[in-house]
Amino acid sequence: MAWAGARSSAPLIAGVYTATILLSALLIFWIEPLFPKMILPIVGGTPATWVTALMFYQAALLLGYGYSFLLTRALPLPLQVAVHMGLLALGALALPPALPAAAHLSDDPVFQVLFMLTGGIGAPLLALSASAPLLQHWFTQTTHPHARDPYFLYAASNVGSLGALLAFPLIVEPTLGLAFQTRAWAIGYGALAALILACAALVRSGAQSVETENARPAPAPAHPWRERALWLALAAVPSSLLSGTTTKITTEAAAGPLFWVVPLALYLLTFALAFARRRWLPLRPALIAQTIATALIVVEALVEGEFGGWPVILILIAVLFLSAYVCNCRLADGRPGPERTGEYYLVIALGGLIGGTFNALIAPTVFPDVVEYPLVLVLAMALRPAGNEPVHARDVVIPLGVGAIAAVSMLLSFVNHMPAVAPVLSLIFAIVLFPLSRVPARLAVGLAAAFLVAAMPSLLFPPLDRERNFFGVIKVLDDPGAQLHLLVNGSILHGLESTEASTRDEPTSYYHRRGPLGDVMALLANRRAEGAAVIGLGAGTVACYGSGGAPWTFYEINPAVVRVARDSRYFSFLKDCQPDARIRLGDGRLLLANDAGHYPLIILDAFSSDAVPTHLLTLEALSAYVDKLAPDGLIVVNISNRFIDLLPILAAATERLGLTAVWRFDSTTDRLARSSKWVAMARAPDLLAPLLTQHGWTSASSGGVRAWTDDRSDLFLPLLWHMQGRP
C-alpha cells in the first residue's frame with residue numbers, strides 16, 4: 001500500500017479526519033434513539049427500555065475502545081486497516097438495521113431488549129465505536145502540526161454526536177419514517193467506510209516505520225492505579241446520573257426520543273466544553289450553580305408532591321449538566337499524553353459502562369425504590385475539586401445542621417400542606433450548602449443527611465406494598481385519614497379505593513360516575529353485560545361498571561399491577577365486581593389484535609406514571625382496535641397528561657379512519673374523584689350524539705395535525721401545543 005501522508009497538506013488531513021469522526025459520531029447517535037424506538041411496541045413505553053439501551057451502547061463503546069487499544073499495539077498500520085475494514089464489512093451484513101425475527105416480550109425484558117439490540121445493531125455499532133479512537137491514533141502518525149495532540153478530534157466527535165441527537169427529535173423524527181431512516185443510515189455507514197480508507201491513506205509512513213514506532217517503549221510512565229480509579233469514578237458518576245435523570249423525566253412525561261436525547265445531548269455537550277482548547281464556561285461559576293441546583297433537588301425531595309412538572313424537569317436537567325461538566329473538567333485536566341490516549345479512553349468507557357450497568361441491572365435488583373439517583377448525586381458532590389481547607393470539626397457539625405434544617409423544613413411542608421414553603425426552602429438550602437461546597441466531602445455528607453431526612457416518612461411509614469421491576473415502581477399507599485388505599489406509579493395515581501364499606505366498590509379517581517367515563521358507561525348501560533376490552537388494569541376500578549353477563553377482558557403488561565389488583569387486602573374491585581374477569585399479561589395492542597371476538601366497548605388507559613405509550617396511539621394501533629369493535633361500539637381513551645396534548649393526534653387518526661370523536665375534560669377533584677380528560681370514538685356520529693347533549697362534551701378536530709403512525713411519530717409538536725395551552 002502506498003502511503004501519501006508526507007505529501008498531504010495539513011488542511012486536507014484535518015478536514016478528512018474531522019469529517020470522518022463527525023460522520024462516525026452522527027451515525028452512532030442517530031441509531032441510539034432510532035433503534036430503541038423500534039423496540040418500544042414490543043416491550044411497552046417504559047423508561048427502562050432506554051436505560052437498558054444506554055447500558056448496551058456503553059458496553060459497545062467499551063468493546064470498541066478495547067478493540068482499538070489492542071489493534072494499535074499489536075499490528076502495523078496496514079494490518080490495522082485490513083482488520084478494521086473487515087469488521088466494517090461484517091457490520092454491513094446486518095444492514096439496514098432491523099429487529100431480529102425472534103423479537104418478542106419475554107419474562108426477562110432487560111435481557112430481551114439486550115438480545116434485540118445485539119441482533120439488530122451489535123456488529124455495526126461495535127465497528128463505529130472503535131472508529132473514533134482508532135482514527136485518533138492514526139492521526140498522531142500524520143504530518144499535521146497538531147498530530148501529537150489529537151484531543152480536538154474528541155471535541156469534534158461530541159459536536160457530531162450533539163448534531164445527530166438534536167436533529168433526531170426536532171427534524172428527523174417528525175419528517176422521516178423509520179423505514180427511510182434505516183436505509184439512509186445504511187448509506188451513511190458505507191460512506192464512513194470509504195472515509196476511513198481515506199484517513200489511512202493520509203498517514204505519513206508505511207508499515208515498517210509503524211512497526212518501529214510501536215516497538216519503542218512508551219515515553220511516559222504508567223499512571224498510578226489511584227489515578228486510573230479517579231478516571232473511572234469521574235466517568236461512572238455522570239453516566240449513572242444520565243440514566244437516573246432520564247428515568248425520572250421519562251417516567252413523568254413519555255418514553256420516546258424527545259425525552260431521551262435532551263439529557264444525553266447535554267451530557268455530551270459537557271464533554272465538548274470540558275475538552276475544548278478554550279473553556280467558555282469557567283469551572284468556578286459551574287460549581288456555584290451546581291450547589292444551587294442541587295439544593296433545589298433537595299427541596300423537591302422534601303416537599304414532594306407540592307410542586308412538580310416542568311420546574312422539576314428543568315432542575316433535573318440542570319443538575320445533570322453541571323455535575324457532568326464538573327466531572328468532565330476534572331477528567332480533561334487529568335488527561336495523559338497522546339501515547340496513552342487508548343488507555344485513557346478505555347478507562348473512561350469502562351466507567352461509563354459501570355454507571356449504566358448500575359442503573360440498568362444492579363439498582364433495580366438491590367433497591368426496592370429509586371434511590372440510586374440521590375446516592376449518585378452525593379457521589380458527584382464528593383468528586384468536586386478539593387480546595388486546600390483542612391479537615392475541621394465543622395465538617396461534621398455543618399452537615400448535621402443541614403440535616404436538622406431539612407427535618408424542620410419537611411415538617412413545615414406537611415403542616416396544612418404548605419406549598420409556599422418551597423421557595424423559602426430553596427433560598428435556605430442555597431445559603432446553607434454554599435459554605436459546604438468548599439470541602440467536597442462536607443458537602444456530600446450534608447447532602448446525604450438531607451436526602452435521608454426526606455426519606456424518613458417512607459422509612460417510618462412504609463407502603464402497604466411495593467414492587468420494582470422493568471416497568472417501574474408500584475406502590476400501594478394507605479391514607480387512614482381519608483380512608484383510602486391508593487395505587488401509585490412514579491408520581492401519578494393509578495387508582496384508589498375507599499376502605500369505607502358504603503363506598504368500597506364505587507368507581508373512583510379518573511373513572512368516577514360523574515366524569516367522562518361515567519357518561520359513556522351510562523350510555524352503554526344495556527350493553528355492558530356483553531363484555532368489554534380494557535387495555536391497562538390499574539387497580540381494576542372499571543370492573544365495577546360491569547353488570548353480570550360476559551366477563552370483561554383486561555390487558556396489562558406489568559405483572560406487579562396484576563398481582564396488586566388481585567390482592568383483596570388492597571383493592572376489592574376485581575374480587576367483588578368481576579371475580580371471573582379475564583386478565584391477559586402482555587402488550588395490550590398485540591394481544592387484543594390476536595384475540596377472537598368483538599366488543600361493544602374498548603377502554604384504553606395504559607399510562608405508566610404520566611408516560612405516554614406512543615405505540616398504542618398510532619393509526620395502525622387504532623385500526624386494530626376498530627377491527628375488534630362491534631359495529632355500534634365505542635372506543636374510549638384516557639388522554640389525561642401534564643405534558644403532552646394528545647387530543648389532536650387521536651382526532652387526526654379518527655379522521656383518517658373515517659371515525660367520529662368527541663372529548664370532555666372533567667375538573668372534579670374530591671376525596672373519591674380526580675380530574676381527567678377522555679376521548680370517545682365511534683364509527684358513526686349518531687352513536688356519540690347523546691354524549692354531545694351532556695355537559696362538557698365537544699366534537700374533536702385535528703386542526704390539520706398529522707396522525708401518528710408506526711413508521712412516523714414524534715412528541716415535539718404535541719408538547720408545544722400543550723405548552724401553548726391548546727384545549
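Laid out as a table, the results:
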quantity: Share, in percent, of DSSP beta bridges within region 506-657 that are antiparallel, nearest 5; calculated: 5
quantity: In order through region 170-182: 3J(HN,Hα) via Karplus (6.51 cos²θ - 1.76 cosθ + 1.60), integer Hz, x for Gly, Pro; calculated: 8, 10, 5, 4, x, 10, 10, x, 4, 4, 5, 4, 5
quantity: Label point distance in nm, Arg279-Phe461, each placed 7 Å from Cα along Cα→Cβ; calculated: 4.6
quantity: Fraction of accessible area attributable to carbon and sulfur, region 647-690 (%, probe 1.4 Å); calculated: 55
quantity: Where GluC sites (Glu not before Pro) fall in DSSP loop in region 451-514, at most 14 other Cβ within 10 Å; calculated: Glu500
quantity: Label-to-label distance, nm, for residues given as Leu585 and Gln483 (7 Å Cα→Cβ offset); calculated: 3.5
quantity: Label-to-label distance, nm, for residues given as Leu70 and Ala630 (7 Å Cα→Cβ offset); calculated: 6.5
quantity: Segment Leu79-Leu176, length gained on full extension (0.36 nm per residue, minus Cα span); calculated: 31.0 nm
quantity: Label point at Ser699 placed 7 Å out along Cα→Cβ; residues across region 622-654 whose backbone nitrogen lies under 17 Å; calculated: 648, 651-654
quantity: All lysines inside 28 Å of Lys248 as judged from Cα atoms, apart from same-chain residues fewer than 8 positions distant; calculated: Lys37, Lys475, Lys677
quantity: Dipole magnitude of region 516-629 about its Cα centre (Cβ charges: Lys, Arg +1; Asp, Glu -1), debye to nearest 20; calculated: 300
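The values are calculated or read from the model by the stated rules, or taken from the named source; none is laboratory data. Given the structure is predicted, the values throughout are model-derived calculations rather than measurements. Cβ: placed from backbone, ideal geometry, glycine included. Neighbour counts: every protein chain shown. The area values use the complete protein model at the heavy-atom level, side chains included, leaving out ligands, DNA and RNA. Shrake-Rupley method; radii C 1.70, N 1.55, O 1.52, S 1.80 Å.
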